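The values are calculated or read from the model by the stated rules, or taken from the named source; none is laboratory data. All values derive from a computational prediction rather than experimental measurement. Cβ placement follows ideal geometry from the backbone for every residue including glycine, while neighbour counts extend to all protein chains displayed.
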Amino acid sequence: MTDTTNGYLARRRARRDLTGKHVLITGASSGIGLSAAHAVAQKGAVAILLARRADELAIEVEKINADGGTAHGYQCDVTDAESVDRAITLILDTHGHVDMLVNNAGRSIRRAVHRSTDRMHDFERTMAVNYFGAVRMTLALLPQMRERKDGHIVNISSAGVQVATPRFAAYLASKAALDKFTEVTAAEMLADNVTFTTIHMPLVRTPMITPSGDQGAPTQSAEWAAALVVRALSERPRRIDVPLGTLAEYGNLVAPAIKERVLHRYYRANPDSAAAKGETVIETETDDQEIAEPQRRRRPVPPAVRITGTALRRAARLVPGTHW
């Protein structure tokens, strides 16, 4: 193997290594953000957690540090320009720089448009967090990334943007705006070595989706989502899509009318939740105890099956979606 090849491999490994990287994550007191903070800390990164709830943030930072990681927490509301300015100034003064940003903070609303005709604030609130909040964080950190000629920004979007999932007009419109902002900014920042990844997340079991009720679709764990975030930070692909989103995009290109009918049937089959209808939901009292799910015995996977599965997953990563 030549010295040139060895040098290339060394640079590639160094690029993928998160050890010592300052990774800032918004919305990090629960859900995907919290799981991602734990995951990057386990990879050796310095996790910088941002959230509105200072008390919860302090507890989670202490847990990460107790587990052997390195974490710092800062109270910040991404919808408030002054709050962001204060937090970013303090972070840069304390840590010197931020290598990577994960725009995870989000607000989701599941409500049919005909129930939103007197609720313009639904659209304003989702835009304030999902779009303007992410843009505000990006603009705040871009100058020091461009100056250092190094930086990576991960934006948590939704597979629903590709699917156009009914009842999520407010939420998906804000995520679609972020997608396009990311695409344009990535093209402009190419010479500055500031790169972007958009993750089109499927439904993830977090507190954010609880009010929406059963949506008739499978969900993933926050730990699963955190693994995608780690991949986005280490491999820096332009996009990470899931099969459902990719299939929906191809369906829209090949048979848009059929896709629309399928989505309408889904819309009719899964009505608005009680919260979306404005009904009062009475919750039964429960003991504050964690209920463990029954453990299933896993059968050993034959080596041939395991190797084939790994090869297929790697091949799938080469085709992230209809758009590169």
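Numbers below:
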quantity: Among the candidates 137, 127, residue that is closer than 26 Å to residue 191 by Cα and either at pLDDT below 95 or not basic (Lys, Arg) (or both); calculated: 137
quantity: Single residue of segment 32-87 satisfying the filter (in a helix (DSSP H, G or I), modelled with pLDDT under 95 and not aliphatic (A, V, I, L, M)) that is nearest to residue 16 (Cα to Cα); calculated: 56
quantity: Any hit, segment 200-222, residues being in contact with a His (Cβ under 6 Å, 6 or more places away or on another chain) and either modelled with pLDDT of 95 or more or surrounded by fewer than 18 Cβ atoms within 10 Å (Cβ to Cβ) (or both); calculated: no
quantity: Some residue of segment 1-17 being out of contact with any Leu (no Cβ under 8 Å at 6 or more places or on another chain) and modelled with pLDDT of 95 or more; calculated: no
quantity: Odd one out for residue 118, checked against (1) under 21 Å from residue 200 (Cα atoms); (2) not in a helix (DSSP H, G or I); calculated: (1)
quantity: Tally of residues being in contact with a helix residue (DSSP H, G or I) (Cβ under 7 Å, 6 or more places away or on another chain) and outside any helix (DSSP H, G or I) across segment 88-111; calculated: 14
quantity: Segment 224-246, residues that are in a helix (DSSP H, G or I) and at pLDDT 95 or above; calculated: 224, 225, 226, 227, 228, 229, 230, 231, 232, 233, 234, 235
quantity: Residues satisfying the stated conditions in segment 183-194, i.e. surrounded by 13 or more Cβ atoms within 10 Å (Cβ to Cβ) and part of a helix (DSSP H, G or I); calculated: 183, 185, 186, 192
quantity: Members of segment 33-85 that are in contact (Cβ under 8 Å) with a residue 60 or more places away in the chain and either surrounded by fewer than 18 Cβ atoms within 10 Å (Cβ to Cβ) or of a type in the set (Lys, Arg) (or both); calculated: 43
quantity: Single residue of segment 143-168 satisfying the filter (of a type outside the set (S, T, N, Q) and surrounded by fewer than 18 Cβ atoms within 10 Å (Cβ to Cβ)) that is modelled with the lowest pLDDT; calculated: 164
quantity: Filter pass, residue 170 being closer than 23 Å to residue 268 by Cβ and either part of a helix (DSSP H, G or I) or free of Cβ contacts under 8 Å to residues at least 24 places away in the same chain (or both); calculated: yes
quantity: All positions within segment 162-193 that are touching a strand residue (DSSP E or B) at 6+ places or on another chain (Cβ under 7 Å) and charged (D, E, K, R); calculated: 175, 179
quantity: Selection from segment 52-94 of residues that are closer than 15 Å to residue 105 by Cβ and among the β-branched types (Val, Ile, Thr); calculated: 78, 79, 84, 88
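A quick yes/no check of all residues on (1) under 19 Å from residue 100 (Cβ atoms); (2) out of contact with any helix residue (DSSP H, G or I) (no Cβ under 8 Å at 6 or more places or on another chain); (3) in a strand (DSSP E or B); (4) not hydroxyl-bearing (Ser, Thr, Tyr):
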position: 122; (1), (2), (3), (4): no, no, no, yes
position: 134; (1), (2), (3), (4): yes, no, no, yes
position: 137; (1), (2), (3), (4): yes, no, no, yes
position: 156; (1), (2), (3), (4): yes, no, yes, yes
position: 181; (1), (2), (3), (4): yes, no, no, yes
